[in-house]
Structure formats: C-alpha cells, structure tokens
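Worksheet: one structure, shown below.
The values are calculated or read from the model by the stated rules, or taken from the named source; none is laboratory data. On a predicted model such as this, the values are computed, not experimentally measured, just so you know. No Cβ is skipped: glycine too gets one built from the backbone with ideal geometry, and neighbour counts run over all protein chains shown. These area figures cover heavy atoms from the full protein model, side chains too; ligands, DNA and RNA do not enter into them. Shrake-Rupley method; radii C 1.70, N 1.55, O 1.52, S 1.80 Å.
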Amino acid sequence: MQRSELISCCYVKNLGAELGRYVREKEFRASPPRAVIGLEAEFNLFVDGKRRRPEKIFGDPSRLVRKKMIPRTGKSFQLPAGGAIYFDTGVIEVATPIVELERGCCYRATRLLWEQIRYLRAELDHWSKLHGRDCRLQGFSTHYNFSFPDARRSKSRNATKLAFLLAHILPIPVILLAANRQSSAVGVRPRRTRLEVTVDFTPDPALMLATCAFVAGAVETVLRWENFGLRQLNRNGIPRITPFRLRKHSSRRGWRVTGDSLGENPFTADINAPLWKLRDGRVLSLRAIAAESLRPFRRRIRRITDLATLQHIVAVFGGDARSLLDFSKRPETYDDAGRLIDWGRRRMRRWSRSRYEKVIHRVIAREPIRIGQKRYRVERMNGWYQVEFREVGTRQHRTFNLDELVRLSASKKLRPAAVRKPRSARKKRV
C-alpha cells in the first residue's frame, strides 16, 4: 500500500480494442482510487522449542515455500495462496491482498488472512518433516489496514487527526473482541494513504472477523463526520474513561492504549465489574462501555457485513458470547497458530471472492495472458495495486493496475494465452 503517485500527461497504451495505439492520459494511479482494506499477521517462529529468527533458519521466504513465488517490491514475495509473505525484524509476516471496501469485505479479508496462515503452516510442516525438526508459530500481532482516499481529505480531515480520534474510540471495544490476558496494547497508526489498527493476534477467526467489522464500521462512520475533533465523542454519545492517557506507539507514528493508560489494567481486570469511572460521573464495566461505544456504528457495521456478524459483536459486548478475556489464561492456540483452524465455529455467510481477489488469483497462477494480439507473462507485484508484465515477443515491460485488469476481465479481453505446441519434426524424405 504505497503512497499514491500521479504521473500527469504520460503516454500509455490503450487497453482493450485500441490496444497498440498510444493515448494521452491525465493521471496514472499507483494506488486504488476506491477505499480498500487489508489484514496482516505477525508470528514468532519456534524451532525445537526455541525461538529463532526466520532469517537465520530460512534466509528468505523463497527457501521455505516450495512453489516458485512472484517477487514483490522489497524483500517480500507473493504467496501462491494470494497474499504476501516476508521476514520482518525477527518475525514471519503474512498479509492479504487489498480487498474492495464493500459489503462482505470483512469476511473476505479475514478469510484471505487465514488462507495465508494455513498455507504457511503447510509449508512449515513439510520443512519440519524434511529436516526432522519441530516448527510452530506463536501469534504476535494482527494489523487491520484501511485506506484513506484523497477525496475524503481536507485541512481539518487528515490521517493524523483521524488516527488520534480513533485512538479514543477503538481501544475498549477492540480489547473485548481481540485481546487476551497477556495482551499489552491496542494501537492506531496513521500511514500516509491508510490507517492501521494494531492489536495482539487473535487465534479465533470468528472474533477476528468481529474485530475487523467493528473497526471498519467505526472508520467508515467517522469518515462521514464533519471534522475529526474530540468534541465528536460527546456529540455521538461515546463514553470516555477518566483517567485516559494515550502513549506513543512503539513503532512509527501513532498512539496506543497500554495497561497503564487507564486507572487499572484493562487486560487483566474483570471485564464484567463496574470499575471504570467516566467523565459524566458514571461507573461502568468494560462490557457496558463497549456496548455504548457500538451504538453510533451499528448501522454502518450492518451495511458492510451482515446481521450475524453484528449480532456476534453485540453478544460479546453483552456477555452472551465469549471474549478471550473471559478465560483466565491466554488460549493455547495462540502459541501454536494455524495448527487447527476453527473457522466454522459460528454460522456466517460465505461471501464469494471479490473482483480484486479473482484477478490476483489469475496473476499468481503465472499463466501467460493475452490482451488483444499480444501475450504477457507476470514479472512482479509492484506494491498492492500494480502488476508488472513482460510481453512474450518483444520482452517489453508493461504495468497494469488491478482496476484495469478487472475491466479487461469483465469485457473478456483478458484471457489465457493459447499454449503453443512445439513444432513437429519434419518427415524425412524416403
């Protein structure tokens, strides 16, 4: 998700029926103009019971994954499951491709992340069997990313102010949905063209989906407010705990709520006990505070997810469904992530793949594609939105973004290239 760069008045080849002709375009986008979301998860690697740096064990991801992967910008690779993998300061990180922010996007993004985790787990199992070692993944963190399109920006509405406001809204509900007894913080970071919410890894897919849905609904609602000032909290009936001290984020810019940000540690306290004093004088439990915080965002959450997901969020906040904080210890699945994936624990709608997903799966298949009269092979992913191809005949590079590939696919001008059969040997004359 790189910063959007606009290259004005550049000549590009027309896509579609006029392929081959050059046309003058005013803009060429390096990031999508629409709102998108994406999820990331980081894991510590344990080999034979000892924590090890993945760089020391594998070198780079291409030595862990058996299939040949498409390279990406930097040191990351495109996983055959559709997402990305890279080693980052001692952890293994997997990320989903971008998903269009629309109805069903939270389910799609959560499903994509667990597909990457399952694929990584299978590759580790194969490596372990081959080398006679035992490997396990310990969940470290999950990042929920939401783009901040240029059309929604102004002097009083920027990513930094949005992140600061959300840092006063998201922590308590996210703690109930995603944290465990050993968690230490919930953070919000402004990242140029996007916003990133950081929290501990959640080994329960249903709770991860609920977390994604709540954050997405809150972000989409706040983006429609006239400004990002803290006065919006009182105007929209969002409860405010006192004392409330935001800490600087541990990495890059941003803020986070830690165990000492409030009067007591919210990660170890009884979530059902009325321990938390509000600015209006009331004393409520964490569950009651989260339930009140949900009210301004219910409508938007319902619109981008479904009724079952919203009901799950309501049930967690009301004490009718489990939070990981209901357990006295952190779940054991946290320390062996991906071994067992209980995706079907709750009934939920199975959403079909988005348009971006379908294009990405065609790209990672590495099959030649034909556009017009020319055949192309994929070279690399350039960020999250662009794909670099090389023409088979001339070897010239061409870059297409996902929206262009979606349009070509919809118009059936993007199709698999015919496999050329080798020329048969000429018959010898008798």
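Observations on the structure shown:
- The chain, relative contact order [Cα under 8 Å, separation at least 6], %: 18
- Beta bridges per DSSP with both ends in the chain, % antiparallel, nearest 5: 95
- Cα centroid separation - region 314-334 against region 152-224, whole Å: 19
- Ordering Tyr144, Leu162, Val363 by the projection of their Cα atoms onto the charge dipole of the chain, which places +1 on the Cβ of Lys and Arg and -1 on the Cβ of Asp and Glu, puts Val363 at the extreme positive end.
- Accessible-area order (highest first, 1.4 angstrom probe) of the listed residues Lys374, Lys248: Lys248, Lys374
- Each of Gly318, Leu39, Ala206 was scored by the projection of its Cα onto the charge dipole of the chain, and the greatest displacement toward the positive side belongs to Leu39; charges sit on the C-beta of Lys, Arg, Asp and Glu.
- Relative contact order [Cα under 8 Å, 6+ residues apart], region 255-374, whole percent: 15
- Note on region 245-305: Kirkwood hydrodynamic radius from all Cα pairs is 13.6 Å, rounded to one decimal.
- Spin-label model distance (nm) - Arg395 vs Ser184, 7 Å beyond Cα toward Cβ: 5.1
- Quotient of C-alpha Rg and 2.2 N^0.38 Å, computed over region 222-376: 1.44
- Helix 355-364 and the longest principal axis of the Cα set of the chain meet at an angle near 50°.
- Relative contact order of region 96-233, defined on C-alpha pairs under 8 angstrom at six or more residues apart (%): 29
- Ranked packing of 322-330, 277-285, 191-199, most packed first, by mean Cβ within 10 Å: 191-199, 322-330, 277-285
- Only protein heavy atoms count here; on that basis, with a 1.4 Å probe, Arg103 has an accessible area of about 100 Å².
- Taking each of Lys75/Lys248; Lys50/Lys358; Lys161/Lys329; Lys50/Lys329; Lys155/Lys248 in turn, the alpha-carbon distance tops 32 angstrom for Lys50/Lys358; Lys161/Lys329.
- Placing unit charges on each Cβ (+1 for Lys and Arg, -1 for Asp and Glu) gives the chain a dipole about its Cα centre, and among Phe87, Thr309, Pro71 the Cα reaching farthest toward its positive end belongs to Pro71.
- Lys, Arg +1 and Asp, Glu -1 on Cβ, resulting dipole of the chain about Cα centre, debye, nearest 20: 2400
- Between the helical axis of 105-131 and the longest alpha-carbon principal axis of the chain there is an angle of about 70 degrees.
- On the basis of the beta-carbon distance and an R0 of 41 Å, Lys277 and Lys329 show a calculated FRET efficiency of 0.90.
- Taking each residue as 0.36 nm, the span from Trp225 to Asp60 lengthens on full extension beyond its C-alpha to C-alpha distance by 55.0 nm.
- Angle between the chain longest axis and helix 205-222 axis [Cα atoms, degrees, rounded to 10]: 80
- Segment Asp342-Arg152, extension gain: residue separation times 0.36 nm, minus the distance between their alpha carbons: 64.6 nm
- Mean-position separation - Cα centroids, region 230-264 and region 271-292, in angstrom: 15
- Computed FRET value (nearest 0.05) for Glu264 with Asn382, which takes r as the C-beta separation and R₀ as 41 Å: 0.30
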